[in-house]
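**Student:** Got a structure for you, questions after.
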Amino acid sequence: MATFSETQDLVPFMKSKGLSTVNIATNPATGKRFVTSDGSVSMRLSEKVTKIDKSLRVSWFAPEDGEPSWLLHPAGDSPLEINDSFSI
């Protein structure tokens, strides 16, 4: 199962990594979008993100298959699919 960890708001993440700018970029060969920065940090990008603003969050994302990396995503975004729930 894919997991999120080390989740934090975008601005504190940028400050902790010494970044002043993050950009959405597109690989012209594959059409895949990702995040670049003015530092050495690059990230995956949630398909739900269309623009970057301070409401976004960053998590260390470990997919079931593939390499773990940082992921820029909306708050509350999760790889989990809830199939049933019960609350009291």
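Read-outs: derived from the displayed coordinates by stated rules, not from any lab. Just so it is clear, the model here is predicted, and its values are computed rather than measured. Virtual Cβ from ideal backbone geometry, glycine too; neighbours counted across all protein chains shown.
**Student:** Using the basic label-point model (7 angstrom from Cα toward the beta carbon), what is the Lys54 to Ala29 distance in nanometres?
**Tutor:** Simple spin-label model gives 3.8 nm for this pair.
**Student:** What distance in nm separates the two pseudo spin-label positions at Thr7 and Glu47, each 7 Å out from Cα along the beta-carbon direction?
**Tutor:** About 2.0 nm, to one decimal.
**Student:** Restricting to DSSP H runs of at least four residues, report the calculated mean residue ellipticity at 222 nm for the chain, -39500 (n - 2.57) per run over all residues, nearest 500 deg cm²/dmol.
**Tutor:** Taking each H run of at least 4 residues, the total per residue is -2500 deg cm²/dmol.
**Student:** Turning to a different aspect of this structure: Using a simple charge model, +1 on the beta-carbon of Lys and Arg, -1 on the beta-carbon of Asp and Glu, nothing else, what dipole does the stretch 3-74 show about its Cα centre, in debye to the nearest 20?
**Tutor:** Charge dipole of the stretch 3-74: 280 debye, to the nearest 20.
**Student:** Got a sec? Charge dipole of the stretch 3-74, +1 on Cβ for Lys and Arg, -1 for Asp and Glu; which of Gly66, Gly18, Ser42 is way out at the positive end?
**Tutor:** Positive-end residue among those listed: Gly18.
**Student:** Applying the Karplus parametrisation 6.51 cos²θ - 1.76 cosθ + 1.60 with θ = phi - 60° to the phi angles of the stretch 6-16, what ³J(HN,Hα) value in whole Hz is obtained for each residue in order, glycine and proline being reported as x?
**Tutor:** Those phi angles translate into 6, 5, 8, 5, 4, 4, x, 4, 4, 5, 5 Hz.
**Student:** Give me the lysines in straight-line cross-link reach of Lys15: C-alpha distance below 20 Å, same-chain residues under 8 apart excluded.
**Tutor:** Correct list for Lys15: Lys51, Lys54.
**Student:** Now for a different question. Candidates [x] 1.96; [y] 1.17; [z] 0.99; which is the computed Cα Rg over 2.2 N^0.38 Å?
**Tutor:** Of the listed options [x] 1.96; [y] 1.17; [z] 0.99, [y] comes from this structure.
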